[in-house]
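Undergrad: I'd like to ask you about the structure that follows.
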Amino acid sequence: MTPNQAKKLYIETVGCQMNVLDSELVVGSLRRQGYVLTSEETDADVILFNTCSVRQHAEDKIYSALGRLRRHKRSHPETLIGVLGCMAQKDQELIRRRAPHVDIVCGTGQLARLPELIDEVRRTGKPTMALSLDRTESRHEVEASFESYDPLRDPSMRPSPFQASVRIMIGCDKFCTYCIVPSVRGPEQSRPPAHIAAEVRQLAAEGCKEITLLGQTVNSYKHQAGDGRQYRLGDLLALIHDTQGIERIKFITNFPRDMSDDLLDAVRDLPRVSKYLHVPAQSGCNDVLRRMKRLYTVEFYRDMLARSRDKVPGVAISSDFIVGFPGESEESFQRTCDLVRDAGFKNSYIFKYSPRPGTKGHEMFADDIPEEVKRRRNNDLLAVQNQRSQEDNRRFQGQRVRVLVEGPSKTALKSDSPGPRQLTGRSCTDHIVVFDGNERRTGRMIEVDIEETSALTLFGRVVTEERIGGDVAAASVRESRVSLPVVI
Ligand code: 5AD
Ligand code: SF4
């Protein structure tokens, strides 16, 4: 590589939105070092995998990608390979053993150090490792280790220039028995509201319209400000709500027990907050919930749903479920199906239980549900959910919804037929809406009359251009683009 030739970076991300955001930050920091992104791993000077440990399948994918690169590394020893994130944090020794050609193992919370780690490997010719402090360190030390975590952003890595995620907390203290997150992401800590507000202002100034606040249990957010005032998620939503240029605010993922009335009031009263809650139930059977250590009963969960709907009329709610948790009988599973039938979730993400070494569940329970039973339950529960979503979505027929346009729909991208493009966007209840329109509407708030619906999508027609209020807002955002200092 000649000195004035740009260094090439290839990065692959597995897992949740938290990981997607981490990758955005990594790319941001390496771009500042002169790297450019490439989509060809074999063309790259540095190959990074940002990993997930929530299910075995996600780990298998990474090991097979590393296996494929073994020969490439032999013929290109100067190419650096790094494993980042949750799997790096959890399995540093195993990665070394299974993939000795990996140069960098970098855990969650240490990603800001990557440029330095790359330099170190280039200088010494030896592999290196950086891991976050573990849960035995003091809260203050862990907090300090995460302090440099969020300032580096790369707008071009965002899902779109007008959408961004903002981390409001890290870690988790809930310790559900199946879940590896608390051990790889560390203890729960909430970022100061002033830092979050500054980041939102910065993003708005860059043209961002939609902010998604991220946390493993986002509604457990709690921060004591210097003046002694306690900020909860509802207070934070109010604090950032009027940021000039921001049109929509979402937050994921919620813990059922922490769905407080004041948060629901904030969702109802703040017009730019999506009327949408993702609140994973995981199971509809008390026996399973107890063994999962979810800290609530199905009765509590059903009450929480009723309270949410009562407080926030029209709110859409989605959920996660794990099928085939140890000891889940056919009857237990049917209780989960009953919950899905009754609850009216917008959609559910359904996962087959994957035993995770290092969790209480793995220690205490045998993985006793055969794979084919897990698969069948997964399909059956999905069918119940789809049936319900299909019925519920019919209520949108003939309604007018406000949509933030995200761009061409995936099917439109595939077709090369002439005529108007099919665009896609989301309503304020987070429903996917598809309609014909011009791509220049991307990033704008428009109104769509819904004509047809399916289980996953609302199809409609754009209301005439003159009536689209969002365009005016879009113009004012463009004019107000200024470069603010990053405060964090
Ligand atoms: N096996 C299967 N699914 C899991 N999840 C978390 N841990 C596991 C596991 N060990 C699911 C939960 C969670 C979602 C992000 O992943 O449903 O809400
Ligand atoms: Fe995992 Fe439970 Fe924490 Fe969610 S609340 S991240 S499932 S331990």
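The values are calculated or read from the model by the stated rules, or taken from the named source; none is laboratory data. None of the values given here were measured: they were computed from a predicted structure. Cβ placement follows ideal geometry from the backbone for every residue including glycine, while neighbour counts extend to all protein chains displayed. Only protein heavy atoms, including side chains, enter the accessible area calculation; ligands, DNA and RNA are left aside. Shrake-Rupley method; radii C 1.70, N 1.55, O 1.52, S 1.80 Å.
Undergrad: Assuming R0 = 45 Å, can you tell me the calculated FRET efficiency for the pair Asp43 and Asp227, based on Cβ-Cβ distance, to the nearest 0.05?
TA: Efficiency, from the Cβ-Cβ distance: 0.30.
Undergrad: Here is a further query. Output ³J(HN,Hα) for the range 443-455: one whole-Hz value per residue in order, computed from phi by the Karplus curve 6.51 cos²θ - 1.76 cosθ + 1.60 with θ = phi - 60°, and x for Gly and Pro.
TA: x, 9, 9, 10, 10, 10, 8, 7, 10, 9, 9, 10, 5
Undergrad: Nothing charged except the Cβ atoms of Lys and Arg (+1) and of Asp and Glu (-1): what's the magnitude of the dipole of the range 277-395 about its Cα centre? Round to the nearest 20 debye. Let's see the in-between values first.
TA: Values: 21 positive and 18 negative charges, 96 e Å.
The dipole magnitude comes to about 460 debye.
Undergrad: Oh, and also: Per the helix-only calculation at 222 nm, which mean residue ellipticity applies to the chain, given -39500 (n - 2.57) for every DSSP H run of n ≥ 4 and division by its residues, nearest 500 deg cm²/dmol?
TA: Counting only the DSSP helices, I get -11000 deg cm²/dmol.
Undergrad: With a Förster radius of 22 Å, plug the Cβ-Cβ distance of His57 and Arg113 into 1/(1 + (r/R0)^6) and report the FRET value to the nearest 0.05.
TA: Efficiency computed from Cβ-Cβ geometry: 0.15.
Undergrad: While we're here: Starting at the first residue of the range 197-210, write each ³J(HN,Hα) from the Karplus equation 6.51 cos²θ - 1.76 cosθ + 1.60 with θ = phi - 60°, in whole Hz, x for Gly and Pro.
TA: 3J(HN,Hα) across the range 197-210, in whole Hz: 4, 5, 5, 5, 4, 4, 5, 4, 5, 7, x, 6, 10, 10.
Undergrad: Give me the distance in nm between label points sitting 7 Å out from Cα along the Cα-to-Cβ direction at Met364 and Ala306, one decimal.
TA: Simple spin-label model gives 2.9 nm for this pair.
Undergrad: On to the next question. In the chain, if the dipole is taken from +1 on Lys/Arg beta carbons and -1 on Asp/Glu beta carbons about the Cα centre, which of Phe162, Thr429, Ile95 is farthest to the positive end?
TA: So the residue we want is Ile95.
Undergrad: Determine the per residue accessible area of the range 277-395 with all protein chains present and a 1.4 angstrom probe, expressed in square angstrom.
TA: 44
Undergrad: Starting from the Cα of Glu93, move 7 Å in the Cα-to-Cβ direction to define the label point; list residues of the range 351-371 whose amide nitrogen is under 17 Å from there.
TA: 357-359
Undergrad: What's the extension gain from Val36 to Lys410 if we count 0.36 nm per residue and subtract their Cα-Cα distance? Can you show the working numbers first?
TA: On the way: separation 374, 0.36 × 374 = 134.64 nm, distance 2.64 nm.
This chain segment gains 132.0 nm when fully extended.
Undergrad: Taking every DSSP beta bridge that has both residues in the range 287-443, what percent is antiparallel when rounded to the nearest 5?
TA: So the antiparallel bridges in the range 287-443 amount to around 70 percent.
Undergrad: Set the Förster radius R0 to 22 Å, insert the Cβ-Cβ distance between Ser454 and Arg400 as r into 1/(1 + (r/R0)^6), and round the FRET efficiency to 0.05.
TA: That gives a FRET efficiency of 0.70.
Undergrad: Return the loop-located trypsin sites (Lys or Arg not before Pro) in the range 209-256 (DSSP other than H, G, I, E, B) with at most 10 other Cβ atoms within 10 Å of their own Cβ; answer none if there are none.
TA: Details: sites: Lys209, Lys222, Arg229, Arg232, Arg248, Lys250; in loops: Lys209, Arg229.
Qualifying residues, ordered by number: Arg229.
Undergrad: Out of all DSSP beta bridges with both ends in the chain, state the antiparallel percent to the nearest 5. List each step's numbers first, then the result.
TA: Details: 27 of 71 bridges.
Roughly 40 percent of the beta bridges in the chain run antiparallel, per DSSP.
Undergrad: Okay, next question. Just to confirm the filter: which GluC sites (Glu not before Pro) across the range 55-103 are DSSP coil and have at most 12 other Cβ within 10 angstrom of their Cβ?
TA: Details: sites: Glu59, Glu78, Glu93; in loops: Glu78.
Answer by residue number: Glu78.
Undergrad: Got a sec? Charge dipole of the chain, +1 on Cβ for Lys and Arg, -1 for Asp and Glu; which of Ala65, Gln244, Ala343 is way out at the positive end?
TA: Farthest towards the positive pole: Ala65.
Undergrad: Hey, another quick one. Can you give me the convex hull volume of the Cα atoms of the range 216-351, divided per residue and expressed in Å³?
TA: 115
Undergrad: Let me ask something else. Given the options Ala204, Gln224, Ala266, identify the residue whose Cα lies farthest towards the positive end of the charge dipole of the range 189-288 (+1 on Cβ of Lys, Arg; -1 on Cβ of Asp, Glu).
TA: Value: Ala204.
Undergrad: How much length is gained if the chain between Asp392 and Thr297 is pulled fully straight, taking 0.36 nm per residue apart and subtracting their Cα-Cα distance, in nm to one decimal?
TA: Values: separation 95, 0.36 × 95 = 34.20 nm, distance 2.54 nm.
Residue separation times 0.36 nm, minus the Cα-Cα distance, leaves 31.7 nm.
Undergrad: How much of the DSSP beta bridge set in the range 158-274 is antiparallel, as a percent to the nearest 5? Walk me through the numbers before you get to the answer.
TA: Working: 6 of 17 bridges.
Once the DSSP bridges in the range 158-274 are tallied, antiparallel ones form about 35 percent.
Undergrad: Follow-up. For the chain, give the percent of accessible area contributed by carbon and sulfur heavy atoms, probe 1.4 Å, rounded to a whole number. Intermediate values should be presented prior to the final figure.
TA: Numbers: 10840 of 21700 Å².
The computed percentage sits at 50.
Undergrad: If you don't mind, another one. Give or take rounding to whole Å, what are the principal axis extents of the alpha carbon atoms in the chain, in descending order?
TA: 65, 58, 58
Undergrad: Report, in listed order, any pair from Lys90/Lys352; Lys8/Lys250; Lys174/Lys275 with a Cα-Cα distance greater than 23 Å.
TA: Values: Lys90/Lys352 21 Å; Lys8/Lys250 34 Å; Lys174/Lys275 26 Å.
Among Lys90/Lys352; Lys8/Lys250; Lys174/Lys275, the Cα-Cα distance tops 23 Å for Lys8/Lys250; Lys174/Lys275.
Undergrad: Another question, if that's okay. Run the dipole for the range 7-143 about the Cα centre, Lys and Arg Cβ at +1, Asp and Glu Cβ at -1, nothing else charged, and hand back the magnitude in debye, nearest 20.
TA: With only Lys, Arg, Asp and Glu charged at Cβ, the dipole is about 460 debye.
Undergrad: Taking the Cα centre of the chain as the origin, how large is its charge dipole in debye, to the nearest 20, when only Lys and Arg (+1) and Asp and Glu (-1) carry charge on their Cβ atoms?
TA: Dipole of the chain, to the nearest 20 debye: 520 debye.
Undergrad: Mind listing which trypsin sites (Lys or Arg not before Pro) in the range 1-56 are in a DSSP loop and have 15 or fewer other Cβ atoms within 10 Å? Can you show the working numbers first?
TA: Values: sites: Lys7, Lys8, Arg31, Arg32, Arg55; in loops: Arg32, Arg55.
Here the trypsin sites (Lys or Arg not before Pro) that fit, given the DSSP loop and packing criteria, are Arg32.
Undergrad: Would you mind calculating the gained length between Ala383 and Arg461 on full extension (0.36 nm times residue separation, minus the Cα-Cα distance), in nm to one decimal? Don't jump to the answer; show the numbers that get you there.
TA: Details: separation 78, 0.36 × 78 = 28.08 nm, distance 2.87 nm.
That works out to 25.2 nm of additional length.
Undergrad: Then there's this: Give a residue-ordered list of calculated ³J(HN,Hα) values for the range 243-258 (Karplus: 6.51 cos²θ - 1.76 cosθ + 1.60, θ = phi - 60°; whole Hz; x for Gly, Pro).
TA: Those phi angles translate into 4, 4, x, 7, 10, 8, 10, 10, 8, 9, 10, 9, 9, x, 5, 9 Hz.
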